[in-house]
1. Express in Å², to the nearest 10, the accessible area of Asp37 obtained by rolling a 1.4 Å probe over the protein heavy atoms while all chains stay in place.
2. With every protein chain left in place, what is the accessible area of Thr181 in Å² (1.4 Å probe, nearest 10)?
3. So, counting K/R as plus one and D/E as minus one, what does the shell of residues with Cβ under 15 Å around Arg171 add up to?
4. In percent, how large is the relative contact order of the stretch 82-161, given Cα pairs closer than 8 Å and 6 or more residues apart?
5. Output ³J(HN,Hα) for the stretch 78-88: one whole-Hz value per residue in order, computed from phi by the Karplus curve 6.51 cos²θ - 1.76 cosθ + 1.60 with θ = phi - 60°, and x for Gly and Pro.
6. With Cα Rg over 2.2 N^0.38 Å as the read-out, I listed (i) 1.16; (ii) 1.05; (iii) 0.94; which label goes with the value calculated from this structure?
7. Where the centroid of each part is defined by its Cα atoms, how far is the stretch 111-126 from the stretch 88-106 in Å?
8. With every protein chain kept in place and ligands, DNA and RNA left out, what is the accessible area per residue of the chain? Probe 1.4 Å, answer in Å².
Amino acid sequence: MPDSDPVRIFRKLAQANRLANARLHAALATLPPGAYDAARPSFFGSIRATVNHILLVDRFYINALLGGRLHRPMLDEARACPDLATLAGWQAAEDARLIAHVQSLTPARLTDIVVIDRDSRDQHDRRDDVLSHLFQHQTHHRGQVHDMLSAMPVAPPQLDEFIVGDDAAVRADDMARLGWTETDLMG
């Protein structure tokens, strides 16, 4: 009988998120000078502002998932992150916190209610719904960065080959850089 662990998909999505961020940041590191901050026709106006937004929202939701209240200085720091090297380090730390959180979950905890401090009100949603929203948010905005790269000399990286077993060969280098095995991802 197939594995019926409902937490498995969230573990895989957290790891796929880490892999996609690492691959995207590696591509961004090859941008010519000035391109990271350059004004672009996009929702946030630049690649830097978009990846800073991804970090900010990750910090916001991961903090809530871990039981924290609104932490404005942490969010302001993410919004103002000045360079890619700093952003990549901070994002890797958030990705690790998200992976650790998801790996700690049990099926019963997926339906726990998470209190999300929105300053003027508290939002109450199921943990699995918050996680689904977070993964959708990350994918959406990485797609915007991917689109901005499409108009530049840096080839946009493939960001969607981290879930199925058949893609093992194309993610092997990324997995090795992170010290992961296929069993870590596909288990």
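The values are calculated or read from the model by the stated rules, or taken from the named source; none is laboratory data. Predicted model only: the values in this text are computed from it and were never measured. Cβ sites come from the backbone with ideal geometry, for glycine too, and all protein chains shown count toward neighbours. Areas reflect the complete protein model, heavy atoms only, side chains present, ligands, DNA and RNA absent. Shrake-Rupley method; radii C 1.70, N 1.55, O 1.52, S 1.80 Å.
1. So the heavy atoms of Asp37 present about 90 Å² to solvent.
2. Probe radius 1.4 Å; accessible area of Thr181 about 70 Å².
3. Every neighbour counted, the sum reads -4.
4. On the way: 34 pairs, mean separation 11.4, N = 80.
That works out to 14 percent.
5. Listing the rounded values in order: 5, 4, 9, 3, x, 8, 5, 4, 5, 4, 4 Hz.
6. Structure-derived value, by its label: (ii).
7. If you average the Cα positions of each part, the centres end up 20 Å apart.
8. Roughly 49 Å² per residue, with all protein chains present.
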